[in-house]
1. Looking at (1) touching a residue at least 12 places away in the same chain (Cβ under 8 Å); (2) surrounded by fewer than 20 Cβ atoms within 10 Å (Cβ to Cβ), which is the only condition S245 fails?
2. Residues being surrounded by fewer than 17 Cβ atoms within 10 Å (Cβ to Cβ) and either assigned to a helix (DSSP H, G or I) or in contact with a strand residue (DSSP E or B) (Cβ under 6 Å, 6 or more places away or on another chain) (or both): count how many of those fall in region 127-176.
3. Given the structure, is A405 under 19 Å from the mean Cα position of the chain (by Cα), surrounded by fewer than 20 Cβ atoms within 10 Å (Cβ to Cβ) and in a helix (DSSP H, G or I)?
4. If you go through region 179-203, how many residues are of a type outside the set (A, V, I, L, M, F, W, C) and free of Cβ contacts under 8 Å to residues at least 40 places away in the same chain?
5. Looking at the structure I just gave you, is W167 out of contact with any helix residue (DSSP H, G or I) (no Cβ under 8 Å at 6 or more places or on another chain) and not small (G, A, S)?
6. Answer yes if at least one residue in region 46-61 is more than 30 Å from R459 (Cβ to Cβ), free of Cβ contacts under 8 Å to residues at least 24 places away in the same chain and crowded, with 20+ Cβ neighbours inside 10 Å, and no otherwise.
7. Take region 302-324 and flag every residue that is of a type in the set (A, V, I, L, M, F, W, C) and at pLDDT 95 or above.
8. Which of the residues that make up region 447-461 are in a loop (DSSP other than H, G, I, E, B) and either surrounded by 13 or more Cβ atoms within 10 Å (Cβ to Cβ) or more than 28 Å from the chain's Cα centre (by Cα) (or both)?
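The values are calculated or read from the model by the stated rules, or taken from the named source; none is laboratory data. Note that the structure is a prediction, hence the values are computed from the model and not measured. All Cβ positions, even for glycine, are placed from backbone atoms using ideal geometry, and neighbour counts span all protein chains on display.
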Amino acid sequence: MGESDNEPARAPVWLAVVVGTSGLLLLLLCHSLWRTPFAIRETIALFEDLDRNSPLHFFDLQNAYVRPLFYVTLSAIWHGAGSLSAALAAYKLVHMATVVALVVLFIRQLRPRTLVDAAATMVAVAVLVGHAGFRDNLENLPLNQMMFVMILTLVVWHLLEREWRRWHGPAIIALLLIAVGFKEQGLLIAPLVVAAWWMGAPGAGRWVAAVTVGVAALYLTMRLLNTGSWAVFPQRVGVGFTTLSPEDAMERFGAFLPLIYAYSVGSTVANVLFSEPTAGVFSVVRHISEGRPAPWEINQLLSSVALTGLVSWWGLRSLRRDADGRWSRASRLAIAMVIALAGSAALSFSYTRDRMGGVAVVFYALASFHALRAAAGYASQLSRTKLMAASLGLMLLAGAWQIRAIGTIEIARETASSHRREWIISLQRRRLDFADRPVYLRILETMVEQGTDPSAAHRTQYPRWVVRLLGEQDEQQ
């Protein structure tokens with residue numbers, strides 16, 4: 001790959017470079033999250049539920065969303081913090097900790113040891129942070145259940161790729177149970193364990209694969225036996241160039257549910273691979289057809305198409321190389337990405353959102369590291385002219401994703417400003433609409449100061465052309 005012989009000896013240096021650059025990105029992002037007010041919508045009603053109900057209330061399987069450990073965690077902080085201000089601070093700290101933990105574990109999984117590794121890792125971190133599947137999950141204050149699942153899934157994959165230890169099995173099963181307790185996407189751990197065992201991963205065992213399948217099957221059975229009270233469309237449904245209310249979606253697609261379900265599944269897959277559509281709506285395609293695409297839209301679409309092509313080339317190349325059945329780490333990762341993508345899409349059948357591809361985005365970003373490293377090695381063997389062209393292409397791709405990562409910070413800041421505006425505009429209306437709910441009003445009044453705080457994060461005052469390149473919240477919604 002054109003690396004010098006002493007590169008491995010300098011592994012700590014390259015790791016420090018990656019940690020330093022990623023640390024700066026995380027510092028800016030966490031600073032924005034800390035200065036983001038809690039949204040007036042949904043958040044106060046959630047806190048009202050925590051205040052009025054015991055943790056056992058959240059284990060009811062009749063609900064469309066069963067995430068008991070998520071709510072138990074929220075409840076423990078709510079009742080144990082001592083005051084509302086302390087609880088709000090704790091929620092933000094945990095929220096930021098999940099973001100940092102995910103990126104740190106991601107870098108730990110890649111373990112860059114050379115200059116090429118370091119460069120590929122920095123781009124892979126940008127892919128993770130700059131992807132809509134990551135960005136959309138940042139908005140889920142007070143706690144982000146999907147990011148918990150992303151972390152736990154990454155830990156499980158790390159254990160599966162390490163040499164077997166006696167404690168691996170119980171740990172993997174426990175992580176599966178915790179992940180499912182936070183969000184249904186935790187079920188994806190089961191097929192990943194089975195695939196890793198079948199493909200000879202060193203940390204996977206037959207009995208572990210069998211137990212994870214049993215746990216997933218038991219959970220699905222219980223959920224399917226309690227679907228009577230579920231709404232067919234629990235949220236707004238994106239389709240084509242518009243979104244439909246649950247009532248309109250039922251009226252239009254009630255007789256053709258498999259059709260709209262297939263559309264939502266396909267939309268989740270397409271969003272992970274191509275960043276379009278967003279929440280089921282082809283906004284970029286619409287803007288291009290109208291002749292008014294924004295620079296961030298073009299960058300988002302082209303960078304995703306180029307990287308997906310590169311990842312596909314690397315994945316097929318790895319699978320062909322291991323066609324004799326002696327699966328390598330690269331081949332297992334390629335299959336894991338496909339499984340995570342398919343599973344994430346399947347779980348978003350009733351409606352799609354960018355955040356639902358979160359687990360798949362983790363594996364997509366991991367695969368991008370290997371694809372970029374393989375591309376660099378392949379390019380080093382080309383003629384001088386082709387090498388320069390390939391290097392330029394890889395640098396452009398890396399720059400495009402770095403722009404998207406910076407855009408995530410700016411969109412987080414715009415979200416903070418949006419929450420503050422909503423507090424200012426909606427506060428009086430909320431006081432009137434919820435006058436008969438004293439607990440809600442008490443929490444609302446206590447949170448007014450944080451919601452209207454003028455020091456809330458706001459977008460950096462870049463020139464207009466830079467803003468249009470980084471992305472604009474209103475356009476994305």
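1. S245 satisfies every listed condition except (1).
2. Of the residues in that region, 5 qualify.
3. Considered against the rule, which asks whether it is under 19 Å from the mean Cα position of the chain (by Cα), surrounded by fewer than 20 Cβ atoms within 10 Å (Cβ to Cβ) and in a helix (DSSP H, G or I), A405 comes out as no.
4. So the count comes out to 1.
5. In short, yes.
6. Yes, some residue in region 46-61 is more than 30 Å from R459 (Cβ to Cβ), free of Cβ contacts under 8 Å to residues at least 24 places away in the same chain and crowded, with 20+ Cβ neighbours inside 10 Å.
7. L302, V305, A306, L307, L310, V311, W313, W314, L316
8. D453, P454, A456, A457, H458, R459, T460
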